[in-house]
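Here the structure comes first, spelled out in structure tokens, and everything after it is commentary.
Just so you know, all these numbers are worked out from the coordinates, no wet-lab data involved. Since the structure is predicted, the reported quantities are computational estimates derived from the model, not experimental observations. Ideal geometry is used to build each Cβ from the backbone, glycine not excepted, and the neighbour counts take in all protein chains shown.
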Amino acid sequence: MPDSPLSGPALLARIDALAAISAEPGRLSRLYLTPEHRRANDLVAAWMREAGMAVREDSLGNVIGRYEGDRPGLPALLIGSHLDTVRDAGKYDGMLGVLSGIAVVAELHAQGRRRPFAIEVIGFGDEEGTRFQSTLIGSRAIAGAFDPAVLDKRDADGVRLGDALAAFGKDPGAWATAAHDPAEVLAYAELHIEQGPVLESLDRAVGVVSAIAGATRLAVTVEGFAGHAGTVPMTLRRDALAAAAEMVLAVETLCSGRERLVGTVGRIEAAPGATNVIPGRVRFTIDLRADRDALRLERVAAVRAGLEAIAARRNVGIAFETLHESPAVACHPALMAQFAAAATALGLDAPELPSGAGHDAMAMAGLTDIAMLFVRCDRGISHNPAESITAADAEAGARVLARFVDHFQPASDRAP
Ligand SMILES: [Zn+2]
């Protein structure tokens, strides 16, 4: 009797087989609409067929396996994640979610069981946005929120997305056909590595995601006055970098001590940038995220006020530019409860935690109710070849997902 498809070693063997498909020898880089994407889709499609699914590939290159319910044509529970990677990626981000979904269906198929709903497992073609600098292309298309202007985006070699689609064997004019009909969908569930250190610090294998954090990104420009580092006395300076240094620490202070809120200054540039010149202008970025929009907006206002006060006291100018603003996306409480119950039934305690990173589930929330299950990963490392999980945790995640599917009920406000 072969191992269950849900076994940790079985899952990790497939992770390794998929991770071997890369554009670069010795490291994993698999970008949207490349020959590697084609090979990955073909391998995943073969596994889907083996698990009893009918496979199709939509107009944006998403690969979709469908396992019918008790009778053909029933609305579907969607389970998915992405098959593209960043450059020099880890091998679990995205892929674990797709392979876990296939394993859950393979187990049902092996046992000759069907559910009173269809199951569709989706391998999204592009989540990371590495090639065309536009994230969530695959899931946005399925959720009916694809912006056709994206077809004109170009990669680093100048290749238009629309032309890359055609080279992949797709009709770029048919993008709208990828959209799912909301009436045919019951919910969307995604299993994903946490990409953060919280589960590890709590010594838990899996966690139930409460929401995908909303984010505000600001560019801040501080205007001082450049001058000779030797001749201008300290009392007469308007040093933009010294002011910015105080502001960076203020961001840290203002974003500390509040649960599920984080703030980061990730980039800073000082001009003119010479050893013997007082910095006249500094630009830096602020990335602020929270799982509640009210908290995030309140802190953005507090940060702006705090930085303006520093600027006034130091007699430097300050200007803010909003680079990005996205609301938090909540997971459905009824589905969260079903994931938690599935974990409990397997003897696992699954704490609730927000996702600080974006996921396909964000786009899918425009189509249907969403839920996410996080699996612990080593030191929270992700987007890095050092990404790692244990076979036991991979199996725990897949078994919780299987149990969730076995007991799945659409959220009451969406029952057919
Ligand atoms: Zn991911």
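For the chain, relative contact order (Cα pairs under 8 Å, six or more residues apart, normalised by length) works out to 22 percent. Could you work out which residue, out of ALA274, ALA143, ALA341, moves most in a Gaussian network model of the chain, that is, has the largest mean-square fluctuation with Cα springs under 10 Å? Residue with maximal mean-square fluctuation among ALA274, ALA143, ALA341: ALA274.
Pull up the DSSP beta bridges for the chain and report the antiparallel fraction as a percent, rounded to 5. Antiparallel bridges make up about 70 percent of those DSSP assigns within the chain.
Using every pair of distinct Cα positions in the stretch 272-416, the Kirkwood expression returns a hydrodynamic radius of 19.3 angstrom. How large is the direction-averaged shadow of the alpha-carbon convex hull of the chain, in nm²? The number I arrive at for the chain is 22.3 nm². Its alpha carbons give the stretch 75-192 an Rg and a Dmax of 15.7, 49 Å. Other residues whose C-beta falls under 12 angstrom from the C-beta of ALA392 contribute a net charge of 0, scoring Lys and Arg +1 and Asp and Glu -1. Between the listed residues GLY162, THR177, MET48, the Cα displaced farthest toward the positive end of the dipole of the chain, a dipole computed from Cβ unit charges relative to the Cα centre, is found at GLY162. Between ASP171 and ALA23, the simple spin-label model (points 7 angstrom out along Cα→Cβ) gives 2.8 nm. Please report how far the C-alpha centroid of the stretch 1-29 lies from that of the stretch 134-179, rounded to the nearest whole angstrom. So the separation of the two Cα centres works out to 28 Å.
Would you please give the FRET efficiency between ARG39 and VAL262, computed as 1/(1 + (r/R0)^6) with r the Cβ-Cβ distance and R0 = 41 Å, to the nearest 0.05? With a Förster radius of 41 Å, E is 0.65.
Each other residue within a Cβ distance under 13 Å of GLY227 adds +1 if Lys or Arg and -1 if Asp or Glu, for a net charge of +2. Summing +1 for each Lys or Arg and -1 for each Asp or Glu among the other residues whose beta-carbon sits under 12 angstrom from that of LYS91 gives -1. Label-to-label distance for VAL232 and ALA294 is 4.5 nm, based on points extended 7 Å past Cα in the beta-carbon direction. Rounded to the nearest 20 debye, the dipole magnitude of the stretch 223-309 is 80 debye, with +1 charges on Lys and Arg beta carbons, -1 on Asp and Glu beta carbons, and the Cα centre as origin.
Rounded to the nearest 20 debye, the dipole magnitude of the chain is 700 debye, with +1 charges on Lys and Arg beta carbons, -1 on Asp and Glu beta carbons, and the Cα centre as origin. Normalising the average separation of contacting C-alpha pairs (under 8 angstrom, six or more residues apart) by the number of residues puts the relative contact order of the stretch 160-257 at 13 percent. Modelled this way, with points 7 Å down the Cα-to-C-beta line, the labels at ASN384 and SER326 are 2.2 nm from one another. Rounded to 0.05, the FRET efficiency of the GLU50 and ALA319 pair, given R0 = 56 Å and the Cβ-Cβ distance, is 0.45. Fully extending the segment from LEU249 to THR221 would add 8.5 nm, taking 0.36 nm per residue of separation and subtracting the current Cα-Cα distance. In the calculated pair-distance distribution of the stretch 1-130, the portion above 21 angstrom amounts to 36 percent of the Cα-Cα pairs.
The charge dipole of the stretch 1-157, taken about its Cα centre with unit charges on the Cβ atoms of Lys, Arg (+1), Asp and Glu (-1) only, comes to about 340 debye.
For the options LEU28, LEU191, LEU43, a Gaussian network treatment of the chain with springs between C-alpha atoms closer than 10 Å singles out LEU43 as fluctuating the most.
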